[in-house]
1. What nm distance separates the two modelled labels at residue 190 and residue 46, each placed 7 Å from Cα along Cα→Cβ?
2. I'd like the accessible area for residue 199, computed on protein heavy atoms only with a 1.4 Å probe and all protein chains in place. Round to 10 Å², please.
3. Count the net charge of all other residues whose Cβ sits under 14 Å from the Cβ of residue 196, scoring Lys and Arg as +1 and Asp and Glu as -1.
4. Rounded to the nearest 0.05, what FRET efficiency is calculated for residue 110 and residue 130 with R0 set to 45 Å and r the Cβ-Cβ distance?
Amino acid sequence: LIATTPCQGRTILQQVNHRHGHADDDLLFMSWDIIAHVRPRLVIHEMVNETWSVDQGHFPDTMTCEQLAHRLGYDTYPHLLNANDCGDLTDRSRYICISVPTGAPPINIYPPPHFLPSITIRTVLEPLQNIHHRLWLNHSYTIYQTLSSRTRAHLIGYIGDLSKGHRIYSTSSPCIPVITRTANIIILDDRTHPPCPRYLTLTELCYCSTF
């Protein structure tokens, strides 16, 4: 049985969340109700890694998932899998928990190799002549330097405003952040003189998010 509960607190189903006060819209608990009835020999849970919940002092649903598994007589093998470790150029982590009935032979899980630093965003860039002029941003934008980033992507700084501006990433980065529905990833294309910030093309976005 494979259960993929939605992003916590990010779906329309949150409107009908009345069970235990969890932001996962009850579907995590519902999945274990089904597991208790079906008793599958193998369960795979996939969900968003809730670092934000821990930061805000909330009880993470990932821990709830493992507690529910143990309560129903399952041993758990939780892992955090990043698409970048599988060769993708996107920094996208997901919590994966494999559960088997207690007493079953243990499962040996071998994590994928770490991402290769030699593979960078620059390798998937389209020729300059193929990039539509609307994707380029004005040279007059100010790039505010920054020294830290919460993702593997190399964050150079911000464009426009230090607190509300768009984040801009280096093409020497091994990946870009998670691609959202707005596809608002900005890179500093250093193939121009001077280097100019721009959005990624649709083709480049597809190359970066093949996983």
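1. Using points 7 Å along Cα→Cβ, the separation is 3.5 nm.
2. About 60 Å², rounded to the nearest 10.
3. Around residue 196, the charge tally is +1.
4. Rounded to the nearest 0.05, the efficiency is 0.70.
The values are calculated or read from the model by the stated rules, or taken from the named source; none is laboratory data. Keep in mind that this is a model prediction, so the values were computed, not measured. Every residue, glycine as well, gets a Cβ built from its backbone with ideal geometry; the counts of neighbours run over all protein chains shown. Only protein heavy atoms, including side chains, enter the accessible area calculation; ligands, DNA and RNA are left aside. Shrake-Rupley method; radii C 1.70, N 1.55, O 1.52, S 1.80 Å.
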